[in-house]
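Structure, as structure tokens:
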Amino acid sequence: MFVAAARVLGLVTLRVANDIVLPLNISQYSLELSTYLEKVSSIAASMGVTDQLDFAKLHQSIVGLQNASSELDNQAADALKRLSKLVPDIPHHRHGHHGKGVKALWRKAVRLVKSTLGIQRRPSHPVREFREREGQALQIRSHHHGKHPDTGHKNKHGKGKHPHHGHHGHKRPHAPMPNPKKVKAIKQVLLEIRGINQKLAHYESGFLSKEGLKDREWYLHKGTAPGKWLGYGATTFPALTEALTIEKSTSLAQKEADELAEMIGKMAERLRAE
């Protein structure tokens, strides 16, 4: 079981790390809530207490969350489409001679993208820093001996070939200046995607309650939780379901249904927030 869990978590980590938009299917999650409500309605019908309960508000809030989730999915798809049109036009030069002004502008653009995505600078690492210092020292020693640090070849004057010169001594063409308007457009799309990711990441936290489940206050999630007497078995809408199956209280069930309706309604509002 632990091996399987580790594999799943590893795949999830790789997927999350490689996707621009978080691969969280909240639309499917929202659709499943209708199934959760159908289960509770079936329990109420089997107990003969349907006429004592009103799930209309809860149903409406679930439909509202489903619509908001679908709208966010469409927004994410549109943002990715716009980004794919912008990114291919940006040249990616790993080599070549750049003027100081061009290099500075490119560095600024890279920092802009990283900061927009929330990418932090790499933390210090003693081994990596030692290797970097050793590499810099090797370049300096090679330069003093008239060799290029990358190739080790000497030219006819005993000096290493310039890394930005071709085999015939011709300079490679300069990289074009990045279009400021395009950089601004990319930043706007990335900021939009960042906001979408924040909404996706915090979607499920909307089910967390301050008081927790009855007799199990440490379980805060009112969407799903282990059943009170089911061991590892999951119960959907646990507080509402157990108010009927265990507590046999329609008044408590109505209270839980109304609270769920409010929680889910707020989730929809957060997904639609600018």
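Quickly run through segment 228-274 and pick out the residues that are touching a helix residue (DSSP H, G or I) at 6+ places or on another chain (Cβ under 8 Å) and of a type in the set (Val, Ile, Thr).
Once the filter is applied, which keeps residues that are touching a helix residue (DSSP H, G or I) at 6+ places or on another chain (Cβ under 8 Å) and of a type in the set (Val, Ile, Thr), segment 228-274 yields 235, 236, 241, 245, 250, 264.
Which residues, counting only those in segment 257-274, are loosely packed, with under 14 Cβ neighbours inside 10 Å, within 22 Å of residue 34 (Cβ to Cβ) and of a type in the set (Asp, Glu)?
Result: 262, 269.
Quick check on segment 52-62: of everything there that is touching a residue at least 12 places away in the same chain (Cβ under 8 Å) and loosely packed, with under 15 Cβ neighbours inside 10 Å, which residue is nearest to the chain's Cα centre (by Cα)?
It comes out as 60.
Take residue 43 and decide whether it is under 23 Å from residue 259 (Cα atoms), touching a Phe, Trp or Tyr at 6+ places or on another chain (Cβ under 9 Å), of a type outside the set (S, T, N, Q) and modelled with pLDDT of 80 or more. Steps first, answer last, please.
Details: under 23 Å from residue 259 (Cα atoms): yes; touching a Phe, Trp or Tyr at 6+ places or on another chain (Cβ under 9 Å): no; of a type outside the set (S, T, N, Q): yes; modelled with pLDDT of 80 or more: yes.
Considered against the rule, which asks whether it is under 23 Å from residue 259 (Cα atoms), touching a Phe, Trp or Tyr at 6+ places or on another chain (Cβ under 9 Å), of a type outside the set (S, T, N, Q) and modelled with pLDDT of 80 or more, residue 43 comes out as no.
Consider residue 65 against the criteria (1) over 30 Å from residue 190 (Cα atoms); (2) surrounded by 11 or more Cβ atoms within 10 Å (Cβ to Cβ): it satisfies all of them except one. Which criterion is unmet?
(1)
Does residue 12 satisfy the condition of being surrounded by 11 or more Cβ atoms within 10 Å (Cβ to Cβ), among the hydrophobic types (A, V, I, L, M, F, W, C), farther than 23 Å from residue 70 by Cβ and not assigned by TED's automatic domain parsing to the domain that holds residue 235? Break it down stepwise before answering.
Details: surrounded by 11 or more Cβ atoms within 10 Å (Cβ to Cβ): yes; among the hydrophobic types (A, V, I, L, M, F, W, C): yes; farther than 23 Å from residue 70 by Cβ: yes; not assigned by TED's automatic domain parsing to the domain that holds residue 235: yes.
Answer is yes for this residue.
Considering only segment 200-256, state which residues are over 24 Å from residue 27 (Cβ atoms), in contact with a strand residue (DSSP E or B) (Cβ under 8 Å, 6 or more places away or on another chain), among the small types (Gly, Ala, Ser) and surrounded by 15 or more Cβ atoms within 10 Å (Cβ to Cβ).
Passing the criteria: 227, 239.
Kindly indicate whether residue 195 is farther than 16 Å from residue 32 by Cα and surrounded by fewer than 12 Cβ atoms within 10 Å (Cβ to Cβ).
Working: farther than 16 Å from residue 32 by Cα: yes; surrounded by fewer than 12 Cβ atoms within 10 Å (Cβ to Cβ): no.
So residue 195 does not fit the description; no.
Would you pick out the residues in segment 17-30 that are more than 15 Å from residue 261 (Cα to Cα) and in a helix (DSSP H, G or I)?
Within segment 17-30, the first condition is being more than 15 Å from residue 261 (Cα to Cα), and the residues that meet it are 17-29.
Across segment 17-30, the qualifying residues are 17, 18, 26, 27, 28, 29.
The values are calculated or read from the model by the stated rules, or taken from the named source; none is laboratory data. Just so you know, these numbers come straight off a predicted model, no measurement behind them. With ideal geometry, Cβ positions are generated from the backbone for all residues, glycine too; neighbour counts draw on all protein chains shown.
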